[in-house]
Amino acid sequence: MKTRMARRSGVSAIAVATLIGIAACSPPAKTPDDASTGGVKASTATSAQDLGGMAALVDAAKKEGTLNVIALPPDWANYGDIIKGFQAKYGLKVNSAQPDASSADEITAAKNLKGQSKAPDVFDLGGAVASANMAMFAPYKVATFNDIPALLKDANGLGVSDYGGYMSIGYDTGKVPAPKMVTDLLKPAYKGKVALNGDPTKAGAGFSGVVMTALSQGGTPEDISKGVAFFKALKTAGNFLPVDPTSTTIESGQTPVVFDWDYLNVAQGKKLKGKMNWQTFIPAGAVVGGYYVQAISKDAPHPAAARLWEEYLYSDEGQNLWLKGGARPVREKAMVAAGTIDMAAYAALPKAVGTPVFLTKEQNAKANAYLSANWAKAIG
């Protein structure tokens with residue numbers, strides 16, 4: 001999990017709408033864009049209706065026969081089952097490249113392989129990387145587009161939040177008492193045991209951990225100074241452990257308390273079941289959310305398959321598969337209201353009390369500036 005944890009720690013808690021407002025030598029791909037879609041190319045379709053509906057989109061995708069994805073390890077947010085489900089449902093072959101690549105690596109691969117059949121058709125990106133590369137995306141609105149909160153999508157469908165989670169505290173019940181609030185971590189029972197997933201000036205998970213802590217101490221998204229002050233107090237108490245947590249450090253007992261996204265902490269609990277009792281806690285009133293962004297490459301070698309993949313991901317089936325992986329699907333609220341969410345998987349999510357906070361671009365910039373100026377001085 002180390003590689004993937006590092007790759008995905010860059011997810012930002014910035015609201016997507018705010019962000020988005022703004023080399024193998026394989027031959028070029030041949031795509032049957034105009035085969036049976038009334039003259040409308042799949043590469044320019046902004047919805048399934050542009051191609052004549054879902055049946056026409058499915059037909060065009062099957063003629064292409066292939067979908068290229070990148071940076072999707074099978075044990076991350078249940079992507080293994082998602083890929084299997086898509087292949088079984090539509091009979092397309094999914095080529096999964098560089099499963100442990102970073103969001104930045106996805107963009108680099110698309111640039112290096114542009115015009116080739118091996119180029120990525122779709123992206124799964126952290127918010128900051130997505131916002132910096134909007135010119136590479138094709139606008140597309142899935143059938144369930146209206147179910148997605150406006151704050152979590154580009155209005156034209158250039159980039160749309162797909163799945164994510166809330167910042168949390170994972171802990172080994174065999175080594176520490178269950179924390180009921182963040183300030184519990186200052187107690188002697190946690191001496192040398194509390195780790196943050198990454199330097200908050202560089203890693204999204206670490207950054208959001210400080211933001212969550214600030215909110216828990218009465219701070220705001222505009223002022224995270226109380227979060228930095230808490231970690232300074234944690235270090236002074238001898239409780240802060242300056243070690244980047246991994247599956248290995250958690251299993252060995254080196255990092256028995258970890259600030260990380262809830263779906264990563266939940267995944268650790270599942271992986272270590274029978275070895276230790278790893279639990280996940282989200283502090284009440286300090287719910288900090290972060291989502292990944294889904295996008296279609298405007299240079300996708302399989303444009304119909306790319307659009308069909310998006311339809312699958314945002315369908316009830318696709319959203320529930322992410323949910324089974326411990327991630328929170330972006331259509332969660334609408335699916336709960338419609339009664340289409342997997343209630344067993346939904347009930348298994350860590351409880352979150354309070355309204356989720358998604359930092360705006362301005363709040364994120366201000367928080368990062370404060371961290372750059374004060375984190376090293378506080379932690380030393």
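Where a number appears in this text, it was derived from the coordinates with a stated rule and is not lab data. The structure presented is a predicted model; accordingly, all values stated were derived computationally and were not measured. We place every Cβ from the backbone using ideal geometry, glycine too, and count neighbours over all the protein chains shown.
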(message) Quick check on the stretch 217-363: take the gyration tensor over C-alpha atoms, sort the square-rooted eigenvalues as a ≥ b ≥ c, and tell me if it's rounded (a/c under 1.5), prolate or oblate.
(response) prolate
(request) Run the dipole for the stretch 149-196 about the Cα centre, Lys and Arg Cβ at +1, Asp and Glu Cβ at -1, nothing else charged, and hand back the magnitude in debye, nearest 20. (result) 360
(request) Can you tell me how much longer the chain between LYS377 and LYS62 gets when fully stretched, taken as 0.36 nm per residue apart minus their C-alpha distance, in nm with one decimal? (result) 107.7 nm
(request) Pull up the cross-link candidates among the lysines for LYS298, meaning alpha carbon to alpha carbon under 24 Å and not fewer than 8 places away within one chain. (result) LYS30, LYS41, LYS62, LYS63, LYS93, LYS111, LYS114, LYS118, LYS141, LYS153
(message) Counting other C-beta atoms within 10 Å, and keeping those with at most 13, which DSSP coil trypsin sites (Lys or Arg not before Pro) do you find in the stretch 218-322?
(response) LYS273, LYS275
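Given axes a ≥ b ≥ c from the Cα gyration tensor, I'd like to know whether the stretch 151-240 is rounded (a/c under 1.5), prolate (a/b larger than b/c) or oblate. It would help to have the intermediate numbers written out before the result.
Details: a/c = 2.52, a/b = 1.87, b/c = 1.35.
Taking the square roots of the gyration eigenvalues as a ≥ b ≥ c, the stretch 151-240 is prolate.
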(request) Provide the per-residue ³J(HN,Hα) series for the stretch 329-338, in order, calculated from phi with Karplus coefficients 6.51, -1.76, 1.60 and θ = phi - 60°, each as a whole number of Hz, with x at glycine and proline positions. (result) x, 5, 8, 3, 4, 5, 6, 4, 5, 7
(message) Taking amide H atoms as placed 1.01 Å from N in the peptide plane, list the residues 5 or more away in sequence, or in a different chain, whose amide H sits under 5 Å from that of ALA97.
(response) VAL69, ILE70, ALA71
(request) Only Lys, Arg, Asp and Glu count, each charged at its Cβ (+1, +1, -1, -1), so figure out the dipole size of the chain about its Cα centre, rounded to 20 debye. (result) 1000
(request) Give the span of the stretch 39-147's Cα atoms along each principal axis, as three whole-Å numbers ordered largest to smallest. (result) 36, 33, 31
(request) Quick one: which residues, 5+ away or cross-chain, put their amide H under 5 Å from the amide H of VAL287? H built at 1.01 Å from N. (result) VAL357
(request) For the chain, just run the numbers: alpha carbon Rg, then divide by 2.2 N^0.38 Å, N being how many residues it has. (result) 1.00
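Using helices alone, what [θ] at 222 nm do you get for the chain, with -39,500 (n - 2.57) per DSSP H run of 4 or more residues, divided over all residues and rounded to the nearest 500? Show your work: numbers first, answer last.
Values: 15 runs with 144 residues, N = 380.
After summing the helix terms and dividing by the residues of the chain, the value is -11000 deg cm²/dmol.
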(request) Quick one: what are the phi-derived ³J(HN,Hα) couplings along the stretch 271-280, Karplus 6.51/-1.76/1.60 with θ = phi - 60°, whole Hz, x for glycine and proline? (result) 5, 9, 4, x, 9, 7, 9, 9, 10, 10
(request) Can you tell me the order of 346-355, 240-249 when each peptide is scored by its average per-residue count of other Cβ atoms within 10 angstrom, highest first? (result) 240-249, 346-355
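Between their Cα atoms, which of LYS232/LYS366; LYS89/LYS273; LYS180/LYS202 are more than 22 Å away from each other?
On the way: LYS232/LYS366 20 Å; LYS89/LYS273 32 Å; LYS180/LYS202 28 Å.
Among LYS232/LYS366; LYS89/LYS273; LYS180/LYS202, the Cα-Cα distance tops 22 Å for LYS89/LYS273; LYS180/LYS202.
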(request) Determine the principal axes of the Cα atoms in the stretch 95-195, then give the extent along each, sorted from largest to smallest and rounded to whole angstroms. (result) 59, 32, 23
(request) Taking 7 Å along the Cα-to-C-beta vector as the label spot, tell me the ASP199-MET54 distance in nanometres, rounded to one decimal. (result) 4.8
(request) Measure off 7 Å from each Cα along the Cα-to-Cβ vector at ASP81 and LYS41, then give the distance between these two points in nanometres to one decimal. (result) 3.9
(message) Under the 0.36 nm per residue contour assumption, what length would be gained going from the current alpha-carbon distance of ALA155 and GLU222 to full extension?
(response) 21.6 nm
(request) Provide the FRET efficiency to the nearest 0.05 for the THR108-MET134 pair, computing r from the beta carbons and using R0 = 22 Å. (result) 0.85
(message) Of ALA189, SER161, GLY204, which is farthest towards the positive pole of the stretch 156-221's charge dipole, taken about the Cα centre with +1 and -1 on the beta-carbons of Lys, Arg and Asp, Glu respectively?
(response) ALA189
(request) Amide H neighbours of SER168 under 5 Å, at least 5 residues apart or on other chains, H built in the peptide plane: list them. (result) ASP260, TRP261, ASP262
(request) Give the span of the stretch 261-338's Cα atoms along each principal axis, as three whole-Å numbers ordered largest to smallest. (result) 45, 30, 22
(message) For the stretch 166-208, take every pair of Cα atoms, bin their distances at 10 Å starting from 0, and report each bin as a whole percent.
(response) 25, 51, 24, 0
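How compact is the stretch 328-380 by the rule of thumb for globular proteins, expressed as Cα Rg over 2.2 N^0.38 Å?
Against the empirical 2.2 N^0.38 Å value, I get 1.79 for the stretch 328-380.
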(message) Could you check the spin-label model distance between ASN277 and GLU362? Points 7 Å from the Cα along Cα→Cβ, value in nm.
(response) 4.7
